[in-house]
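Enquirer: Below are the structure tokens for one structure; questions will follow.
Every read-out reported here was derived from the displayed coordinates using simple, explicitly stated rules and does not represent laboratory data. Note that this is a predicted model, so its numbers are computed, not measured. Cβ placement follows ideal geometry from the backbone for every residue including glycine, while neighbour counts extend to all protein chains displayed.
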Amino acid sequence: MNAVGYAAIALQVGAVVVGAPLLTGLMRQTRARLEGRAGAGVVQPWRDTRKLLRKEPISPVGTGPAFRWAPLLLVATALVLAVLVPLVSTDTPVRGRADLIVVVALLALGTLALALAGLDTGTAFGGMGASREMTIAALVEPTILMAVFALSIPAGSTNLPVIVAGAADQPARLTSPAGLLAIAALAVAVLAESGRLPVDNPSTHLELTMVHEAMVLEYAGPDLALVEFGAQLRLAVLLGLLASLFAPWGIATSGSLVAVLLALLLVVLKVAVLGMALAAAEVFWAKLRLFRVPELLAGSFLLALLAVTASYFLGGE
Amino acid sequence: MSVIPAALATATGLGVAGAVAGLVLPQRGRGVVVGVVAAGVGVAGGTAGVAALGGSRWSAQVSGLLPLAGAYVEVDALSGLFMAVAGAVVAAVAVYGVGYVAGHGSHGAYGLGSRGAQAVLPLFALSLLLVPTAASVTTFLMLWEVMALTSLLLVLAEHRARPAVREAALWYAVMTHLGLVLLLVGFMVYAAQAGGETFTALRDGRAGMSPTVRGLVFVLTAMAFTSKAGLVPLHAWLPRAHPEAPSAVSALMSAAMVNLGIYGLLRVGFDLLGGGPAWWWLLVMAMGGLSAVYGILQAAMASDLKRLLAYSTSENMGLVVLGAGAAGLFAHAGNEELAGLALAAALLHVVNHSAFKALLFGAAGSVLRATGERNLDLLGGLRARMPVTAGLFAVGALGAVALPPGNGFISEWLLLQSMIHGLAVPGVTTASVLPLAVAVIALSAGLAAAVFVKALGVGFFARSRGAEAAAAKESPLLMRVGMGLLAALCAALALVPGLLGDGLERAVAAVGFSGTRPVSGGGLRVRLEEVSATLSPLWVVAALAVALGAVMATVQWAARRRQRRTQARLWDCGGGVPTPRMAYTATSFAEPLQRVFDDVLAPEQDVDVTPVRESAYLVERVRFRNRVPDRIEHRLYRPVLDVLAAAGQSARRLAGGSVHVYLGYGFFGLVTLLVVLVVGW
């Protein structure tokens, strides 16, 4: 079991690291095709990363360790998440550590590191991005934890593999009102956490609308490569988490290598489909005004609260 | 067994000696002697606390010490926990204080270094350690009042420099004494009903009391204790007094004194009254939840660094009380294990909060001493000028934002776990309250992240926005050592919370709950029926470190050849070099949050545009003023104060100045009293 467990983790991390830029490339390509453009191809993010990594590292004058270390910390938190979140197997050596609250906290740690880096530049853009990002992050937190709460009620634990394995065992949990409401709430939270439309537009550079991009405007070269890679990793892990939580079919719950390989294939498919669906939806969405975002998040919080209440009151039947 | 009395006697002796030394010694050397003695008080008291946490108990009775009643002291594990926390904070802050008062010409050093303040400081430190030992109403109130008075005198230390200090001290004096009155009444009723004033008698007497009286006693004492802990709505003194006190005193107040409010609440609510009906705890939880969200929202709006920290204290005490209330609720429902878990989480948060808040106030004091400025809008760029202070502030902030690998995360994780698993307690009450509690904890954690990103990023990073900040110098060695001790404590609590395991367990057991030993060895483990959860902070840190190393190695490898990092100009949009004035300030950072919570905060904004005389379209000057008043204070206190003032004004007519009239009042008063007595009997 142990060897397979370690293999599962290695495969999972490898897939996330290799696949995250490809996922972003796939989403951009989908979007381009839907908009009638040719698109740069699925591998373009990897080409960008390679190019940026080979450039000379540059720090703006007056910035300090926070600016230098934030991209590293961002990628490091995302990598730890890629290890913790059960994407291909629930029976891994880290299954006892994969607490959902820890996962949420690690996501927030990455956000916070970048926000500090944005402020460290001492420019208006950096501060603006940091301020907006932290506002959104503060408002997403209750939604996410409430969804965590809703998910942990039927499983009796906040441990991710336990939740996922439980849902794979009893698919009825997912189609219950509580499950559906939690899906909806968590999906909105994931959009906000990964900085996608309608909360943030990753391809804008207009100061009125920038959130994440404003924060990282001063980055160049290898640092920029890390920032982009970190964002891609986070998106991939979050979509994978959604897939594992709400469509856990096929995830390996036992220690067989074949099951793990099959699960890997399935999760790649699921995430690709999710990513393409998101990209397709984004074609039709406009970015919300910054001050309308709290309304969206409050709505999603309400869904999560309903999910908790529903799972409590309907759970006994 | 004899450690506790010996340590307590040492602490008392040192405290009194320190007070005398502060009075008689000349300016030169006063700070050092008093600091060393106060550190001794902290170490001795902390030792007693640790011994009590280790399982020793001690009680004594000194008949002659207080008139009529005599003094009773008793130390159990619950007292021990609060004594150990206070002792550690006192010892570190005392070291810090020596550096703080050393050297002339530094901002604010003279206030705390004065004869009076130095004489009072050891007594305040001593009172912080002795309050949890009290085992009778008289002893408790006596020590409580000594603590209130000494802290009041210390708040006033810098009254010559700023008029705001006097106003803050007035608020503090009034509110702490109103609290004392509430405590007096509450304990009076309790002692009269129980037929004795020692805690043992109170414990024995609770069985014979009617639920109404018990409820009355609880509400009265809980109001006083939550006011001391800085909970909304009786918090108004805290955001005034904590910022205006010298920073060493702020650290003591915020990290040790407010804890004693929690101690009182636990001691009276759980130990003496033995728990109570659900409404007690719902009330407590409501106050805790309100304080948590409101406190952190106000902190998010504050641009005064120390005011921000003070409101954050209010938030954290709110979280603690939320946990304590949940414990009461679970205990009422009969689930002692869960109650023990919630209480352990609350107590752990007390410990963690004390460690990081003392550190944060210390760092704020370091900034204040170097620049004379607490306004974040005018700070900035301190990272380069004061690297050690900035680094230590970052350590404290990491604890405060409740994210791994900070120490605050550990206790908030445990708190969340106790709430999430609390649904095991059947009933609609828990089912509707606990989700809200989780939401409150989550929202306050999210806002705390924004608050401390603001404090660290705007205050310490970027470039200096004021002349004072640009000329700041790093603080003296002893201040850094004091803060370093606290930072080490934070790190220890964050990485190996298991060290506290047994003590925490005994403290929970002292209140009467069976514990589940949630904290032990290398991590945290929640084990209840059907549920389990684990967290090992060391693993998270190790994983992050490994990942960081891997990323760095990969980047190095991918770069092919080693390249020197070069510096380049900031991106200026083609508009010339950005000046520090263009950077985001604390006010602008908080603006989106202010807009989002517009309805709650009701900010006051004032835009004043002056056009030039020739044309209404050419603007000569724009003045913008933005103020976020404490709305609860505004709505709740202002009317009461107005009514009191009006009553005072109208009562002036009675005082005409004629002695005859006053004698007449005396006569009529006496006659009325006699009539009432005659008729009444």
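Enquirer: Once whole DSSP H runs in chain A are found, which of them have Cα atoms spread over 18 Å or more along the helix axis and a mean Kyte-Doolittle score of at least 1.0?
Expert: Values: long enough: A:2-34 (45 Å, 0.88); A:65-84 (27 Å, 1.90); A:100-120 (30 Å, 2.45); A:124-155 (47 Å, 1.20); A:177-193 (24 Å, 2.07); A:221-246 (38 Å, 1.42); A:257-284 (41 Å, 2.61); A:293-313 (30 Å, 1.66).
Flagged H segments are A:65-84, A:100-120, A:124-155, A:177-193, A:221-246, A:257-284, A:293-313.
Enquirer: Checking the table B:Lys228/B:Lys454; B:Lys357/B:Lys454; A:Lys55/B:Lys454 against a 23 Å threshold on Cα-Cα, which pairs fail? Walk me through the numbers on the way to the answer.
Expert: On the way: B:Lys228/B:Lys454 27 Å; B:Lys357/B:Lys454 16 Å; A:Lys55/B:Lys454 32 Å.
From the list (B:Lys228/B:Lys454; B:Lys357/B:Lys454; A:Lys55/B:Lys454), the Cα-Cα distance tops 23 Å for B:Lys228/B:Lys454; A:Lys55/B:Lys454.
Enquirer: I'd like the chymotrypsin sites (Phe, Trp or Tyr not before Pro) in segment A:172-255 restricted to DSSP loop residues with at most 13 other Cβ atoms within 10 Å, sorted by number. Spell out each step's value before the answer.
Expert: Working: sites: A:Tyr219, A:Phe229, A:Phe246, A:Trp249; in loops: A:Tyr219, A:Trp249.
Sites meeting the loop and neighbour criteria: A:Trp249.
Enquirer: Order B:373-383, B:248-258 from most to least packed using the mean count of other Cβ atoms within 10 Å. Write down the numbers at each step before the final one.
Expert: Details: B:373-383: 23.3, B:248-258: 28.8.
Descending packing order for the listed peptides: B:248-258, B:373-383.
Enquirer: Check which residues have an amide H placed less than 5 Å from B:Asp304's amide H, if you skip close sequence neighbours.
Expert: Amide H to amide H, under 5 Å and 5 or more residues apart or across chains, B:Asp304 pairs with B:Leu376.
Enquirer: Which value, in nm² and rounded to one decimal, describes the direction-averaged projected area of the C-alpha convex hull of segment A:2-313?
Expert: Working: hull surface 61.8 nm².
Hull-based average projected area comes out at 15.5 nm².
Enquirer: Same structure, new question: Could you list which residues have their amide H under 5 Å from that of A:Ser89, counting only those 5 or more apart in sequence or on another chain, with H placed in the peptide plane?
Expert: Here A:Ala252 satisfy the definition.
Enquirer: Could you give each residue of segment B:443-453 its phi-based ³J(HN,Hα) in whole Hz, using Karplus coefficients 6.51, -1.76, 1.60 with θ = phi - 60°, and x for Gly or Pro?
Expert: 5, 5, 5, x, 5, 4, 4, 4, 4, 7, 4
Enquirer: Counting other Cβ atoms within 10 Å, keep those with at most 13, restrict to DSSP loop, and tell me which trypsin sites (Lys or Arg not before Pro) in segment A:15-77 are left. Write down the numbers at each step before the final one.
Expert: Details: sites: A:Arg28, A:Arg31, A:Arg33, A:Arg37, A:Arg47, A:Arg50, A:Lys51, A:Arg54, A:Lys55, A:Arg68; in loops: A:Arg37, A:Arg54, A:Lys55.
Answer by residue number: A:Arg37.
Enquirer: Per-residue ellipticity at 222 nm for chain B, helices alone: DSSP H runs ≥ 4 residues times -39500 (n - 2.57), over residue total, nearest 500 deg cm²/dmol?
Expert: Details: 27 runs with 459 residues, N = 681.
Rounded to the nearest 500, it is -22500 deg cm²/dmol.
Enquirer: Label segment B:629-681 by shape, choosing from rounded, prolate and oblate, from the square roots a ≥ b ≥ c of the eigenvalues of the Cα gyration tensor; if a/c is under 1.5 it is rounded, and otherwise prolate applies when a/b is larger than b/c, oblate when it is not.
Expert: Values: a/c = 6.66, a/b = 1.86, b/c = 3.59.
Because a/c hits 1.5 or more and a/b fails to exceed b/c, segment B:629-681 counts as oblate.
Enquirer: Among A:Pro202, A:Leu235, A:Ala247, which residue has its Cα positioned farthest towards the positive end of the charge dipole of segment A:178-274, with +1 placed on the Cβ of Lys and Arg, -1 on the Cβ of Asp and Glu, and the dipole taken about the Cα centre?
Expert: The residue sitting most towards the positive pole is A:Ala247.
Enquirer: Using Cα pairs under 8 angstrom and six or more residues apart, how large is the relative contact order of chain B, in percent? List each step's numbers first, then the result.
Expert: Details: 1212 pairs, mean separation 80.9, N = 681.
RCO, chain B: 12 percent.
Enquirer: May I pose another question? What are the ³J(HN,Hα) couplings of segment B:113-123, residue after residue, when phi is run through the Karplus curve with 6.51, -1.76, 1.60 and θ = phi - 60°? Round to Hz, x for glycine and proline.
Expert: Each residue's phi maps through the Karplus curve to give x, 5, 4, x, 4, 5, 6, 7, 3, x, 5 Hz.
Enquirer: Using the Kirkwood radius over C-alpha pairs as Rh, can you work out the diffusion coefficient of chain B via Stokes-Einstein at 25 °C, viscosity 0.890 mPa s, in µm² per second? Write down the numbers at each step before the final one.
Expert: Values: Rh = 26.5 Å.
Translational D for this selection: 92 µm²/s.
Enquirer: In addition: What size of dipole, in debye to the nearest 20, comes out for chain A about its Cα centre when the only charges are +1 on Lys and Arg C-beta atoms and -1 on Asp and Glu C-beta atoms?
Expert: On the way: 20 positive and 19 negative charges, 133 e Å.
That gives a dipole near 640 debye.
Enquirer: Hey, got a sec? Which trypsin sites (Lys or Arg not before Pro) in segment B:442-497 land in a DSSP loop and have at most 15 other Cβ atoms within 10 Å? Walk me through the numbers before you get to the answer.
Expert: Numbers: sites: B:Lys454, B:Arg463, B:Arg465, B:Lys473, B:Arg480; in loops: B:Arg463, B:Arg465, B:Lys473.
Hits after loop and neighbour filter: B:Lys473.
Enquirer: Over chain A, what relative contact order in percent results from Cα pairs under 8 Å that are six or more residues apart?
Expert: On the way: 511 pairs, mean separation 93.1, N = 317.
The normalised contact order for chain A reaches 29 percent.
Enquirer: While we're looking at this one, here's another question. Order these by the 10 Å Cβ neighbour count, fewest first: B:Leu234, A:Leu22.
Expert: Numbers: B:Leu234 25, A:Leu22 21.
So the ranking, lowest neighbour count to highest, is A:Leu22, B:Leu234.
Enquirer: Using modelled amide H (1.01 Å from N, peptide plane; none on Pro or chain starts), what sits under 5 Å from the amide H of B:Ser136, excluding residues fewer than 5 places away?
Expert: Long-range HN contacts for B:Ser136: B:Tyr72, B:Phe199.
Enquirer: In the calculated pair distance distribution of segment B:242-378, what percentage of Cα-Cα distances lie above 21 Å? Don't skip to the answer; put the middle values down first.
Expert: On the way: 4080 of 9316 pairs.
The calculated P(r) of segment B:242-378 puts 44 percent of pairs beyond 21 Å.
Enquirer: Right, another one. So, with +1 on the Cβ of K and R and -1 on the Cβ of D and E, and no other charges, what is the size of the charge dipole of the protein assembly as shown about its Cα centre, to the nearest 20 debye? Please report the intermediate quantities before stating the final value.
Expert: On the way: 67 positive and 53 negative charges, 469 e Å.
With only Lys, Arg, Asp and Glu charged at Cβ, the dipole is about 2260 debye.
Enquirer: How do B:Leu128, A:Leu305 rank when sorted from fewest to most other Cβ atoms within 10 Å of their own Cβ?
Expert: Values: B:Leu128 31, A:Leu305 22.
Result, fewest neighbours first: A:Leu305, B:Leu128.
Enquirer: Across segment A:249-254, in residue order, what do the Karplus-derived ³J(HN,Hα) couplings come to in whole Hz, using 6.51 cos²θ - 1.76 cosθ + 1.60 with θ = phi - 60° and x for Gly and Pro?
Expert: For segment A:249-254, the Karplus curve yields 4, x, 5, 6, 10, 10 Hz.
Enquirer: Using the Cα centre of the protein assembly as shown as origin and beta-carbon charges of +1 (Lys, Arg) and -1 (Asp, Glu), tell me which of A:Val18, B:Val98, B:Cys573 is placed farthest towards the positive end of the dipole.
Expert: B:Cys573
Enquirer: Hey, what's the per residue convex hull volume over the C-alpha atoms of the protein assembly as shown, in cubic angstrom?
Expert: Working: hull volume 202.6 nm³, N = 998.
Dividing the Cα hull volume of the protein assembly as shown by its residue count gives 203 Å³.
Enquirer: With the Cα gyration tensor of segment A:76-231 giving a ≥ b ≥ c as the square roots of its eigenvalues, does the rule (a/c under 1.5 for rounded; else a/b larger than b/c for prolate; else oblate) give rounded, prolate or oblate? Intermediate values should be presented prior to the final figure.
Expert: Values: a/c = 2.68, a/b = 1.86, b/c = 1.44.
Since a/c reaches 1.5 and a/b is larger than b/c, the shape of segment A:76-231 is classed as prolate.
Enquirer: Got a sec? How would B:Cys490, B:Cys573 order by Cβ neighbour count within 10 Å, fewest to most?
Expert: Least to most surrounded, the residues fall as B:Cys573, B:Cys490.
Enquirer: Could I ask something else about it? Arranged from highest to lowest average of other beta-carbon atoms within 10 Å per residue, in what order do the peptides B:618-631, B:658-671, A:137-150, B:327-340 appear? It would help to have the intermediate numbers written out before the result.
Expert: Working: B:618-631: 12.2, B:658-671: 10.1, A:137-150: 27.6, B:327-340: 23.7.
Packing proxy ranking, top to bottom: A:137-150, B:327-340, B:618-631, B:658-671.
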